[in-house]
Amino acid sequence: MDEKLDNLNSEHQLLDPDEMYAWLEDRLRGVGHPVDIDRIRAAYELAKRGHEGQKRKDGSPYLTHCVAVAEIAVDFGLDEDSIVAALLHDIIEDTTVTHEEIEKQFGSAVADIVDGVTKLTRVQYTSKEDEQMENLRKMLMAMAKDIRVILIKIADRLHNMRTMDYQTPEKQRSKSLETMEIYAPLAHRLGMQRAKWELEDLSLQYLDPDGYREITSTLTEKMPQLEAFMDSVKRKIQQRLDEEGIHASIFSRIKHVYSIYRKMYAQKLNLDGIFDLCAFRVIVDTIPDCYNVLGIIHDMFKPVPGRFKDYISTPKPNMYQSVHTTVIGTEGIPFEVQARTWEMHHTAEYGIAAHWKYKMGDSGASLRMGDEDKFAWVRRLLESQQESDAQDFFHNLKIDMFADEVFVFSPKGDVINLPAGATPIDFAYMIHSDVGNHMVGASVNGRIVTFDHVLQNGDIVEIRTSKSAPGPSRDWLNVAQSGSARTKIKQWFKKERRDENIARGRDMLAEELRRSGIALEDVMDEDLMAPVLKRLCFNSPDDMFAAIGYGGLASVRAANRLKDELARSIKEDSKKTALDKVSQAAERREQQAARRESKPIQGILVAGLDNCLVKFSRCCTPVPGDPVIGFITRGQGVSIHRQDCENYLNRSRAPEEEGRWIKVSWADEITERYNTSLMIYARDRTGLVMDIATVLNALNAKVRTLNARDNSGLAQIYITLEVKDLAELHYIITKLSQIGGITEICRNGK
Ligand code: MN
C-alpha cells in the first residue's frame, strides 16, 4: 500500500491522455480493486468526447487533467463512483454534456457528485476575513451534500496547483491564496495530512517564492548531513526494536516546507535556529506496541519535557491518532518520533478517504456502499467530536450537512450564514437593518424573486432598496426565519409607528382587561401603574402600550401584572382601613371616658344627659363645625343654637332663663346632613335666579326651598339646603358669591 503514498508527489510527464489513461487502468487492475473497468473506460470515453479539442494552459489536451484527477482519486483510495465522477468532474461546466446524460449512463450518484463539483467550481471568492473563510468552508461542505464532492474538489485543486506554472502570476497568487485559505484547511479537517501538506507547500511556492526558495535551498544544502543523521538514527532505532522483538517499519522525513516556514515566522528564527527539521515515524501492529516503542525511544534518547502527546487515548478532532514525543539525539539535535499502528497511519494520511480505502481492500466488499455505510467514518468522527473542542469545525458538520443552515453570497462575495428556510428578508436584515427596512425588491442569481422565496446554498442574493420604501409589513414577521430579522422588524415598528402602536396597544390591553371585567381606566391610577411599569421596565404607560402594539409585550402579560397589582392594593387597602378603624375606636373610647358622655343624638352630645330629645333651632340653623349651645325647652327637649345666634346672645343673660342654657357639642362622627338657610342679597337682573340655581346644581347642593323677592331693584333670595358641615357650606357660599350682581350672603335668614 505504501508505494501508493509516493504517487501523490510523483508528477509523471506523460501528456498523452490515452497513455495516461492506460496507466491508470493498469494501476486499477494491479492493486486488485474489484472495480468495473468497463464502466471507468466508458467515463473516460465520454470525457474524451466532451473535452475534444480543449487545451490546458500548457498546451496539453484538457483530458489529461481529468485523468490526473481520477489518478489522485485512486491515490486517495476513493470508490468506483468517485473515480468515474473524477473523470467527468469538469464535463457539465465545460461541455454540452448534461446531468441527465450522466445520470442515464452512470447513475444518479455519479451525476450528483459531478453536479456538486460543478457548483463548487462556480463559487467565486476573493480573500476574506478569517471568519468569512470559516463560513466559506462550511458552505462548501453544505453545498457538497456528499463528502466525495469535496474529496474530488480537493483532488482537482491538487492537480491544478501541481500544474500552475503556465498560469498568469495573478492567477497563481489568487489560486494559491484560495488553496491556503480554503482547501488546505478542508483537507486538514478531513484528516488528510498528506494532501494538506502538499497543498500548503505548493501554495507557499507562489505566495512567497523567496521564502520558499530560501528554505528549500538551505534544506538541499543540508540534505547530505540531514540524511546521514536520519539514517543513523533510523538504524539505531531499528536495531533496538529488533532486539526487543517488536515488528515495526520506520520512516524518516524532513518536515514539509510550510511547517518550517510557519515555525520560522512564529518564532522569529532563521532556518539555522530550527533544529527539529526531521521526524521519524514508527509504524507497528498493535496499540500496546505504540507505547512500548515510546518507552524504548525514551530509554535510548533524552526526552524534551512537555513534548509528549498521547493522541491514541485522546484522538484529535479529525480522528488523528498517534503518540508523539521529541527527544535529543546524541549529536544534540532534537527530533520528533511518532508511533502509530497501520490503521492509524492510513487514517492520518488519507483521513476521511481512508474509509473507502479499507472498503476496497476487503475482498468481496461491495463497492456500492449503502447510505448506511457511506458516512460511517464521518459518524465515527462526529461521535469523537462530542468530547473534543466544541469550537472545532466538525462541531457543525452533520451527516446531512448543515441541515439547519444555509450559506449564500452577497453581490460583493461575502458569505452570509442564515438558518435553513431563510428568505430575502432574513438576508436583508442580516446585512443591515437599514437594508431590511428599505427593501423594495430582491433577486436571487439575477432573477427577481418574492420576499418569501426560500434561499438555497450558494445563491447570490441582491436586495433592492429605496429611500421611500414604506418599511416592513407585519406579515414579514411570519416570513422571516431568523430571530435577528424578526427582532429588527419589531424594532422598526417600535420606533416608526409609535402613535399607532400606542393606540393599538391600549386597545389590546383594554380588551384583555375587559375579559376579567376590569376597565382600563380603573388601573390607570398612578399608584397601581407605577410598580407594574417598573417591573416590566417601561418609563411610561405609553411606552408599555407601544410595546404591546408592536408585539414586544404580550397584552395578556401586562394585563396579568396589572390584575396582580390591583389585587394586592385592594388587600392592602382593606388591611389599612381595618387598622384605621381599630385606632379610631380606641380614640373615641378615650374621649367618651373623659367626657363621661352618652351616645350622640342626631350628631349632638349633651353634657350629662342621656337620650334627651334634640332639635335644631330654625333661627340660626347650625351645622357641624359651628360652635353650638343648647337650650332646655319646656317639654320639647334641647334646642340647639349657634353660639353667635342673636336669640342666644339676647336671651342668655335673662335672669328668668338662668340655668336653662346647657353645654353641647358635635359628635366626632356625623352621618346626617343638616338643614341650613341662606339669605342672598343682589341687584336684580334677568337670569339671576337661574344662575344661582345653576351653580347650586353644579355643586350638587341639595336645595329644599328657594324663594326670590323683588324689592325695588334689589333682590332677596332665601334658600334652605342640606349640608354635611360648615366646610361644605362655606364652599357653597364662596361659589355663590362669584355670581354677578350678588352683594351679600348671610346665614340666619330669619
Ligand atoms: Mn478540474
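Structural remarks
- Count of residues meeting criterion [within 16 Å of the ligand (Cβ to nearest atom) and open to solvent by 50 Å² or more (accessible area, probe 1.4 Å)] in the stretch 19-53: 1
Per-residue answers, yes or no, for (1) more than 16 Å from the ligand (Cβ to nearest atom); (2) charged (D, E, K, R); (3) assigned to a helix (DSSP H, G or I); (4) open to solvent by less than 60 Å² (accessible area, probe 1.4 Å):
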position	(1), (2), (3), (4)
Arg148	no, yes, yes, yes
Gln205	yes, no, yes, no
Glu227	yes, yes, yes, no
Leu241	yes, no, yes, yes
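- Count of the stretch 427-451 residues, restricted to those that are closer than 27 Å to Thr118 by Cα and open to solvent by less than 40 Å² (accessible area, probe 1.4 Å), is 5.
- Within the stretch 150-172, the residues that satisfy the criterion of being part of a loop (DSSP other than H, G, I, E, B) and away from the ligand (no atom under 12 Å from the Cβ) are Met164, Asp165, Tyr166, Gln167, Thr168.
- Any hit, the stretch 173-191, residues being assigned by TED's automatic domain parsing to the domain that holds Pro334, among the aromatic types (Phe, Trp, Tyr) and in a helix (DSSP H, G or I): no
- Test for Ile215: is it open to solvent by less than 60 Å² (accessible area, probe 1.4 Å), β-branched (Val, Ile, Thr) and more than 24 Å from Arg340 (Cα to Cα): yes
- In the stretch 53-80, the residues that are assigned by TED's automatic domain parsing to the domain that holds Arg41 and free of Cβ contacts under 8 Å to residues at least 60 places away in the same chain reach residues that are within 11 Å of the ligand (Cβ to nearest atom) and acidic (Asp, Glu) with C-beta atoms within less than 7 angstrom, at least six apart or across chains, in these pairs: Gln54/Asp94; Cys66/Asp90.
- Yes/no for Ile237 being touching a strand residue (DSSP E or B) at 6+ places or on another chain (Cβ under 9 Å) and either more than 30 Å from Pro169 (Cβ to Cβ) or not hydroxyl-bearing (Ser, Thr, Tyr) (or both): yes
- In the stretch 91-121, the residues that are open to solvent by 10 Å² or more (accessible area, probe 1.4 Å) and within 11 Å of the ligand (Cβ to nearest atom): Glu93, Asp94, Thr121
- Residues located in the stretch 674-720, provided they are in a strand (DSSP E or B), polar (S, T, N, Q) and loosely packed, with under 15 Cβ neighbours inside 10 Å: Thr705, Asn707, Asn711
- Candidate set: the stretch 78-90, residues that are over 15 Å from Lys48 (Cβ atoms) and of a type outside the set (A, V, I, L, M); chosen: the one nearest to the ligand (Cβ to nearest atom): Ser82
- Every listed requirement among (1) of a type in the set (S, T, N, Q); (2) at pLDDT below 85; (3) surrounded by 13 or more Cβ atoms within 10 Å (Cβ to Cβ) is met by Thr671 save one, (3).
- Output for the stretch 486-523, where each listed residue is part of a loop (DSSP other than H, G, I, E, B) and loosely packed, with under 12 Cβ neighbours inside 10 Å: Arg515, Ser516, Gly517, Ala519
- Single unsatisfied condition, Leu553 versus (1) in a helix (DSSP H, G or I); (2) surrounded by 21 or more Cβ atoms within 10 Å (Cβ to Cβ): (1)
- As a summary of the residue check, Tyr62 satisfies the conditions (1) within 16 Å of the ligand (Cβ to nearest atom); (2) in contact with a strand residue (DSSP E or B) (Cβ under 9 Å, 6 or more places away or on another chain); (3) at pLDDT below 90 except for the one numbered (3).
- Leading residue by the ranking (farthest from Asp542 (Cα to Cα)) among those in the stretch 452-483 that are surrounded by 14 or more Cβ atoms within 10 Å (Cβ to Cβ) and hydroxyl-bearing (Ser, Thr, Tyr): Thr465
- Residues (open to solvent by less than 80 Å² (accessible area, probe 1.4 Å) and of a type outside the set (A, V, I, L, M)) located in the stretch 257-287: Tyr258, Ser259, Tyr261, Lys263, Gly273, Asp276, Cys278, Phe280, Arg281, Thr286
- Whichever residue in the stretch 65-77 is small (Gly, Ala, Ser) and either in a helix (DSSP H, G or I) or open to solvent by 10 Å² or more (accessible area, probe 1.4 Å) (or both) and, among such residues, is nearest to the ligand (Cβ to nearest atom): Ala68
The values are calculated or read from the model by the stated rules, or taken from the named source; none is laboratory data. Only a predicted model underlies this, so the values are computations on that prediction, with no experimental measurement involved. Quick reminder, even Gly has a Cβ in these numbers, built from the backbone with ideal geometry, and neighbours come from all protein chains shown. Just so you know, the surface numbers come from the protein's heavy atoms only, side chains and all, with ligands and any DNA or RNA stripped out. Shrake-Rupley method; radii C 1.70, N 1.55, O 1.52, S 1.80 Å.
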